[in-house]
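One structure is given below, encoded as structure tokens.
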């Protein structure tokens, strides 16, 4: 079964999150995803609030930019979320937008090296291990969590390029793909992820989460086109969907058939009714997605 969710875009003020999270929970939507985009809203603080306000909703943070965060802090926060809300928090990490990282003086010369060191250390800490490492970017001296997760916690990585996708297969438990990813892009990503998994001798499940540009209602096609152009994405590549629930469900199924385990509907930046978008996702699209 394909998991379905929606994004709470951080362009909305934080005080809107409570009503939207509760609505998603009440409507039966499986997942609500948050972004830690600079310089809008904190991913962990928002996730903690959304989880506290709800009973069964899975809340994802996709993603935390690793140059901004010491890995021990991310491990502590992830473990705390999991112990407070077992199995309901999903944390993704990634390079972050390099321009933003430069603005705060955190831009890494080798983002790939940083992400590899970070994933290795983060997953080890969350397994309850005592970690000592002296890498190019990640340095830990006998660090262990006093309150590690009671059960295994999966760490996802955001990835786009071939090297990052292979790294995600090697060192992460799942991969987050952007809304610019077409069904063929999902297939290619799966192949690269599997190459990484094979090289690392990993055989366990690897979840692929894909965002999907989604517009519905009046002028949906024009709004979707404007969103894609504003993001600097190639409009010739098949990604995004504009239309009613049947059209959106078809797009979700195409991504699932290509290898996506979870599809997260991403409303346009000009979506005027985010609550209505949640109702649309849960009440109209979900019944059409097997």
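The values are calculated or read from the model by the stated rules, or taken from the named source; none is laboratory data. No experiment lies behind these values; they were computed from the predicted model shown. No Cβ is skipped: glycine too gets one built from the backbone with ideal geometry, and neighbour counts run over all protein chains shown.
Within region 148-163, restricting attention to residues that are under 15 Å from the mean Cα position of the chain (by Cα) and not in a loop (DSSP other than H, G, I, E, B), the residue that is farthest from residue 204 (Cα to Cα) is 158. Within region 213-227, is there a residue that is in a loop (DSSP other than H, G, I, E, B) and either within 18 Å of the chain's Cα centre (by Cα) or buried (at least 22 other Cβ atoms within 10 Å of the Cβ) (or both)? Within region 213-227, one or more residues are in a loop (DSSP other than H, G, I, E, B) and either within 18 Å of the chain's Cα centre (by Cα) or buried (at least 22 other Cβ atoms within 10 Å of the Cβ) (or both).
For region 269-285, the criterion of being touching a strand residue (DSSP E or B) at 6+ places or on another chain (Cβ under 7 Å), touching a residue at least 40 places away in the same chain (Cβ under 8 Å) and under 22 Å from residue 175 (Cα atoms) is met by no residue.
Yes or no: residue 37 over 14 Å from residue 266 (Cα atoms), touching a helix residue (DSSP H, G or I) at 6+ places or on another chain (Cβ under 9 Å) and surrounded by fewer than 17 Cβ atoms within 10 Å (Cβ to Cβ)? Spelling it out, residue 37 is indeed over 14 Å from residue 266 (Cα atoms), touching a helix residue (DSSP H, G or I) at 6+ places or on another chain (Cβ under 9 Å) and surrounded by fewer than 17 Cβ atoms within 10 Å (Cβ to Cβ).
The single condition among (1) out of contact with any helix residue (DSSP H, G or I) (no Cβ under 9 Å at 6 or more places or on another chain); (2) part of a strand (DSSP E or B); (3) closer than 27 Å to residue 185 by Cβ that residue 93 does not satisfy is (1).
Residues in region 113-136 that are closer than 14 Å to residue 172 by Cα and exposed (fewer than 15 other Cβ atoms within 10 Å of the Cβ): 127 alone.
The set of residues in region 65-85 that are farther than 17 Å from residue 46 by Cα, touching a strand residue (DSSP E or B) at 6+ places or on another chain (Cβ under 9 Å) and without any contact (Cβ under 8 Å) to a residue 60 or more places away in the chain contains only 66.
Considering only region 253-263, I want to know if a residue exists there that is surrounded by fewer than 17 Cβ atoms within 10 Å (Cβ to Cβ), without any contact (Cβ under 8 Å) to a residue 12 or more places away in the chain and either in a loop (DSSP other than H, G, I, E, B) or out of contact with any strand residue (DSSP E or B) (no Cβ under 6 Å at 6 or more places or on another chain) (or both). No, region 253-263 has no match at all. Comparison of 153, 186 shows that the only residue that is at pLDDT 95 or above, crowded, with 16+ Cβ neighbours inside 10 Å and more than 30 Å from residue 224 (Cα to Cα) is 153.
Restricting attention to region 103-126, the residues that are farther than 18 Å from residue 158 by Cβ and either within 21 Å of the chain's Cα centre (by Cα) or assigned to a helix (DSSP H, G or I) (or both) total 3. In region 203-237, what residues are more than 24 Å from residue 282 (Cα to Cα) and touching a helix residue (DSSP H, G or I) at 6+ places or on another chain (Cβ under 7 Å)? Residues satisfying the conditions are 206, 235. Quick one: how many residues across region 264-279 are surrounded by 14 or more Cβ atoms within 10 Å (Cβ to Cβ) and part of a loop (DSSP other than H, G, I, E, B)? Looking only at that region, the number is 2.
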